[in-house]
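Chemist: Sharing a structure with you now.
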Amino acid sequence: MIIRTLVALALAALAASACATASAAQLPTHIGIRIHYSHFDQTKVDVPMGVPITFTLINDDPIDHEWLIGDEAFHARHRAGTEAVHGDRPNEVSLPPFSVKTTTLTFDKPGPLTFICHFPQHEAYGMVGVVMVKP
Ligand SMILES: [Cu+2]
């Protein structure tokens, strides 16, 4: 019984260390983010640096939303921006009611980037999330 307990503890320790040393290569490269009642269902996502990451964005709401990802300077521009519709750039996705869109981005710098819906009051309501790019 004691031996069995020790084996279980050893396996648990092994599993814990495997998690702690998980490399960026083990992080997902396909991320699904669903919007429902004007909230993103994921607000903290870890992705690896330097490889293409595909985001599937699902708008379950009967109203328009958008998914804009970038640094603080990028979001400062968009808060003051007048572009009603996005779509030419992979980091700026317009999401009509009940739509699904896919975009692929490769992040070349480690650190956090924020994704926000910049429709009036949506950011204040909580449509904000973070993608953490891991080296
Ligand atoms: Cu929105």
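The values are calculated or read from the model by the stated rules, or taken from the named source; none is laboratory data. The model shown is predicted, which means the values in this text are computed figures rather than measured ones. All Cβ positions, glycine included, derive from the backbone under ideal geometry; neighbour counts span all protein chains shown.
Chemist: Please pick out the residue among Pro28, Pro96, Pro110, Pro48 that is under 13 Å from the mean Cα position of the chain (by Cα) and at pLDDT 95 or above.
Modeler: Values: Pro28 fails: at pLDDT 95 or above; Pro96 fails: under 13 Å from the mean Cα position of the chain (by Cα); Pro110 fails: under 13 Å from the mean Cα position of the chain (by Cα).
Among Pro28, Pro96, Pro110, Pro48, only Pro48 is under 13 Å from the mean Cα position of the chain (by Cα) and at pLDDT 95 or above.
Chemist: Can you confirm whether Ile35 is within 16 Å of the chain's Cα centre (by Cα) and either surrounded by 15 or more Cβ atoms within 10 Å (Cβ to Cβ) or at pLDDT below 95 (or both)? First the steps, then the outcome.
Modeler: Numbers: within 16 Å of the chain's Cα centre (by Cα): yes; either surrounded by 15 or more Cβ atoms within 10 Å (Cβ to Cβ) or at pLDDT below 95 (or both): yes.
Yes.
Chemist: Taking interchain pairs and intrachain pairs at least six residues apart, which have beta carbon atoms under 6 angstrom, with the first residue in the range 29-55 and within 16 Å of the ligand (Cβ to nearest atom) and the second among the basic types (Lys, Arg)?
Modeler: Asp41/Arg34
Chemist: Any idea how many residues of the range 98-128 are within 14 Å of the ligand (Cβ to nearest atom), of a type in the set (Val, Ile, Thr) and more than 20 Å from Arg77 (Cα to Cα)?
Modeler: Here the count works out to 0.
Chemist: Which residues, counting only those in the range 38-50, are surrounded by fewer than 16 Cβ atoms within 10 Å (Cβ to Cβ) and touching a Gly at 6+ places or on another chain (Cβ under 6 Å)?
Modeler: Within the range 38-50, Thr43 is the sole residue that qualifies.
Chemist: Which one is surrounded by the fewest Cβ atoms within 10 Å (Cβ to Cβ) among residues in the range 51-60 that are among the aliphatic types (A, V, I, L, M) and within 13 Å of the chain's Cα centre (by Cα)? First the steps, then the outcome.
Modeler: Within the range 51-60, the first condition is being among the aliphatic types (A, V, I, L, M), and the residues that meet it are 51, 53, 57-58.
Now drop any that are not within 13 Å of the chain's Cα centre (by Cα), which leaves 53, 57-58.
Details: Ile53: 21, Leu57: 22, Ile58: 17.
Once the filter is applied, the top-ranked residue is Ile58.
Chemist: If we scan the range 61-78, do we find a residue that is within 16 Å of the ligand (Cβ to nearest atom), over 22 Å from Thr29 (Cβ atoms) and loosely packed, with under 14 Cβ neighbours inside 10 Å?
Modeler: Looking for residues that are within 16 Å of the ligand (Cβ to nearest atom), over 22 Å from Thr29 (Cβ atoms) and loosely packed, with under 14 Cβ neighbours inside 10 Å, one finds at least one in the range 61-78, hence yes.
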